[in-house]
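The values are calculated or read from the model by the stated rules, or taken from the named source; none is laboratory data. Nothing here was measured: the structure is a model prediction, and the numbers come from that model. Glycine gets a Cβ as well: all are built from the backbone with ideal geometry, and neighbour counts include every protein chain shown.
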Amino acid sequence: MVLSSADEQTLHTLTTQGLRPVRQVKRAQVLLALATGVSGYVVAAHLGLCVQTVYQVATRYRQQGLA
C-alpha cells in the first residue's frame, strides 16, 4: 500500500500526539504498517486484530482516503 506524504504525516500525528480513540489509533497503525510492505497477517498479529479487520481498513482507505 502506498500512502501520500500528507496522509502519512497525518497518520503519524494521530498515533503520537494527544488522546485519541483507540479505534482511530489502531486504524492509523494498520495503514502505517501496511505502507512499509508488511503483510496483513503480520500486521493483524502484531496489533492484536483480526486479519479481516486489517483488510477492511485498507479497503476503506483505498476507496475513501482518510475521510
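Observations on the model:
- For the condition without any contact (Cβ under 8 Å) to a residue 24 or more places away in the chain and either closer than 14 Å to V2 by Cβ or touching a Ser or Thr at 6+ places or on another chain (Cβ under 7 Å) (or both), Q29 qualifies.
- Spans of helices (runs of 4 or more DSSP H) in the chain with at least 2 residues surrounded by 14 or more Cβ atoms within 10 Å (Cβ to Cβ), modelled with pLDDT of 95 or more and not aliphatic (A, V, I, L, M): 5-16, 22-35, 51-64
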